[in-house]
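The values are calculated or read from the model by the stated rules, or taken from the named source; none is laboratory data. None of the values given here were measured: they were computed from a predicted structure. Virtual Cβ from ideal backbone geometry, glycine too; neighbours counted across all protein chains shown. These accessible areas exclude ligands, DNA and RNA; they are computed on the full protein's heavy atoms, side chains included. Shrake-Rupley method; radii C 1.70, N 1.55, O 1.52, S 1.80 Å.
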Amino acid sequence: VSDYEPWKPDPLSEPWRAALDEVWLKYCTDHYPNGVCAVFGFSKNGQISLTACIEGHTYQPKNYCNGKWRSVWSVVFEGSGSRAELKGVIKAQVHYYEDGNVQFFSSKDIQKQITISNEKQTAEEMRRLVEEAESEYQTAVSDNYRTMSETTFKALRRALPVIQQKLDWNRLTVRPFVSQSCAQLRHNFSTSASRQRVENVLIIGGGLMGSGIAQSCATSGKFNTITLQDVNQKQLEISRKGIESSVQKLHSKKLINIESVDKAVNSIHFTQKIEPKADKNLLIVEAIPELLDAKQKIFANLSQQFKGNDSVIFVTNTSSLSVQEIGVNVEAQERYGGLHFFNPVPLMRLVEIIKNVTTSQQTVDALKEFVADIQKVSVLCKDTPGFIVNRLLIPYSGEAVKMVERGDASFQDVDTAMKLGAGYPMGPFELMDMTGLDTGKFITDAWAKRKDSSLPEMTESKLVNKLVSEGRLGRKSGKGCVFGLILILVFIYETNCGSNETTIKGCEGKVCSDGKRCVCQNPCPPTCRNPKPNPCNTFWCNPNCYLVCDGREVLDEKTGRCKPLNEC
Ligand SMILES: NC(=O)c1ccc[n+]([C@@H]2O[C@H](COP(=O)([O-])OP(=O)(O)OC[C@H]3O[C@@H](n4cnc5c(N)ncnc54)[C@H](O)[C@@H]3O)[C@@H](O)[C@H]2O)c1
């Protein structure tokens with residue numbers, strides 16, 4: 001070992017080394033933000049040797065996870081106009097030791113042909129070849145991590161482990177080497193995989209859907225940063241509480257695999273400003289109300305704000321509007337599309353990916369990966385009204401509302417019929433209550449405006465219009481039309497018995513064939529529990545024949561028969 005000594009550049013190799021050094025430094029900064037790099041050069045018998053090295057590491061003892069990356073690339077050549085062999089070796093090591101001690105070593109030798117031109121072009125060519133090889137390697141390792149738990153580990157399964165206890169395979173599924181806590185490590189190695197992987201997420205609109213999307217991202221543990229933005233500070237507080245209680249519930253039922261509830265919730269940054277914590281490989285999900293103008297404006301602003309950042313993907317979570325129309329102001333059309341989530345997002349496994357005519361395949365691939373990362377299943381659909389699910393669902397729920405409005409059947413019977421007769425897990429009214437009446441109304445209204453001849457004719461529902469105008473949106477507003485069967489009755493009662501209007505149109509003068517009196521079906525006749533309801537309004541008028549108790553008697557809700565009030 002000697003002291004530092006003055007170093008004299010080798011005159012033949014130095015211009016080549018200096019050109020490569022400049023390019024190498026940029027490559028290293030772009031892809032290994034915490035790494036170090038160096039380029040060495042010398043010549044012997046007229047031959048020039050260049051060697052370029054990279055070292056990057058992440059030590060996270062708190063997360064029980066460390067890792068190191070080294071790659072060395074060298075080339076020997078005679079001067080301009082020749083061809084040479086670029087030789088490289090990549091070495092990666094990951095050490096994960098929370099519940100055991102697992103190490104991953106990987107080493108790969110690479111050889112590529114390189115054409116030697118001038119100093120600058122040769123340096124650029126060498127960078128291109130190295131970037132291609134390292135990205136390929138990164139992608140292969142990432143893919144391997146993902147499939148290993150499904151293949152290698154499951155193949156290793158024993159009938160009964162020596163501990164005589166069932167193995168928790170789900171734990172293994174999410175924790176092979178690079179688990180939630182170590183995801184960071186993989187990102188730090190390189191961010192230049194040929195397929196752009198979403199690393200950061202920004203959600204605009206922290207309502208029902210936005211908070212669900214943020215929660216799913218948080219519990220997946222796959223992202224560096226998650227930002228939930230809303231214009232309304234109160235809504236952000238509600239969202240935070242809602243997410244906390246939902247994560248707590250799912251965690252206690254062992255439906256999610258997280259380190260702690262606090263850690264998951266705290267991984268979301270709640271803010272009124274559109275300022276993601278990090279914007280590299282950022283996915284922006286817009287989830288504001290279903291209003292075209294407002295959505296277009298948001299995307300116009302986002303497009304300007306993130307201009308020049310080619311790693312941003314923009315998506316809308318619209319249910320009914322045209323994805324293309326919403327995004328007319330987005331400049332990077334190839335990085336724009338739709339992601340349609342379902343409510344409640346943390347429980348619903350489906351996400352529809354909407355491929356606009358201009359959306360690139362690379363963007364679709366990145367969205368597929370994102371959906372898989374949050375442990376959901378994606379389906380692909382063109383930008384058509386309602387995509388797949390709502391195209392079928394909206395006409396179905398619309399007809400259910402019409403049935404009740406016409407008085408063909410009750411809310412309860414329609415729900416029961418579809419559950420028991422069609423095998424649906426919930427009836428149309430229960431579903432509408434959960435998804436929000438306003439969302440259904442916006443979809444129907446938006447479809448009417450689209451004037452698409454392939455769509456079924458959609459007429460407005462007075463019932464839904466009235467509820468939405470009164471802010472009775474369903475569970476999300478705490479006042480539903482269904483909200484359990486009890487609230488259905490409360491709702492019908494309030495809706496129809498709250499008016500002082502007494503004119504009953506539609507059934508005046510009708511006589512039933514069995515001679516009974518014909519009246520408008522009054523959903524709130526005098527009953528044992530409520531002998532003096534308000535008069536029925538026209539809204540609920542249903543000119544069918546049915547038994548009404550005469551003025552001295554009331555309807556017994558239990559038996560459906562008339563009896564004097566004092567016998568109730
Ligand atoms: N509710 C569903 O079942 C469902 C399902 C799939 C898709 N969607 C779609 O998701 C979107 C959101 O629906 P939701 O049910 O979550 O609505 P929501 O009303 O619950 O939430 C919307 C949120 O956006 C916020 N907001 C309004 N303008 C904003 C702006 N300019 N910037 C930032 N935040 C803004 C509001 O404060 C509100 O918190 C809609 O496009 C809807 O069609 C809804």
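Worth pointing out:
- What the stretch 262-379 shows is 41 Å² of accessible area per residue, with the surface traced by a 1.4 Å probe over protein heavy atoms.
- Cα lying deepest toward the dipole's positive end in the stretch 321-372, options Tyr336, Met348, Ala366, charges on Cβ: Met348
- Greater than 21 Å apart at Cα, pairs in Lys355/Lys376; Lys62/Lys241; Lys295/Lys382: Lys62/Lys241
- As a rough guide to protection, the peptides 212-218, 276-282, 373-379 ranked by mean Cβ packing within 10 Å, highest first, stand as 212-218, 276-282, 373-379.
- Proximal lysines relative to Lys563, as straight alpha-carbon distance under 29 Å, when same-chain residues fewer than 8 apart are discounted: Lys505, Lys510, Lys516, Lys532
- Cα gyration tensor category, rounded, prolate or oblate, for the stretch 411-478 with a/c compared to 1.5: oblate
- Protein heavy-atom surface of the stretch 14-155, 1.4 angstrom probe: 51% of the accessible area is carbon and sulfur, with nucleic acids and ligands not counted.
- In the context of the full set of protein chains, the stretch 14-155 has a per residue accessible area of 52 Å² (1.4 Å probe).
- Cα-based shape type of the stretch 1-59, given that a ≥ b ≥ c are square roots of the gyration tensor eigenvalues and the cut on a/c is 1.5: oblate
- The stretch 14-155 - charge dipole about Cα centre, Lys and Arg +1 at Cβ, Asp and Glu -1, debye rounded to 20: 240 debye
- On the basis of the beta-carbon distance and an R0 of 35 Å, Tyr4 and Tyr59 show a calculated FRET efficiency of 0.80.
- Cα gyration tensor shape of the stretch 14-155, rounded if a/c is under 1.5, else prolate or oblate by comparing a/b with b/c: prolate
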